[in-house]
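Working notes, beginning with the structure itself.
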Amino acid sequence: YGRADNQIKYMGHRIELGEIESVINSHTSVKNSACIFKEDIICFYESKDEINFKAFLKDKLPSYMIPKNFIKIDKFKLNQNGKIDRKVLKELV
């Protein structure tokens, strides 16, 4: 069933943020990504390049699943379990 904290309800749809991250991570220039929900879906990504995600995602995800904002970061801060610290990301927006 997945973790409830990574599942959101947005625009009447249940969305698994991990699904969005999986598609974004498939981009050859993306090292890692994390999506959070704070009024809208926001994607943070690690890459050397600026990427036009709207064009990349339009044929891969339904429009309601495409993040509203994409924020490039140098490196994700990890929590004590070695996972991306999403609390830190929420504080950035």
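The values are calculated or read from the model by the stated rules, or taken from the named source; none is laboratory data. Keep in mind it's a predicted model, so treat the numbers as computed, not measured. Virtual Cβ from ideal backbone geometry, glycine too; neighbours counted across all protein chains shown.
The table for this structure:
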quantity: Region 1-59, subset among the aromatic types (F, W, Y) and surrounded by 15 or more Cβ atoms within 10 Å (Cβ to Cβ), residue farthest from F76 (Cα to Cα); calculated: F56
quantity: Any hit, region 17-28, residues being of a type in the set (D, E) and either in a strand (DSSP E or B) or at pLDDT below 95 (or both); calculated: no
quantity: Enumeration of residues in region 53-74 that are in a loop (DSSP other than H, G, I, E, B), farther than 16 Å from S22 by Cβ and either within 14 Å of the chain's Cα centre (by Cα) or among the small types (G, A, S) (or both); calculated: K68
quantity: Qualifying position, being in a loop (DSSP other than H, G, I, E, B) and more than 14 Å from the chain's Cα centre (by Cα), among E50, E91; calculated: E50
quantity: Some residue of region 17-33 being farther than 18 Å from L89 by Cβ and among the basic types (K, R); calculated: no
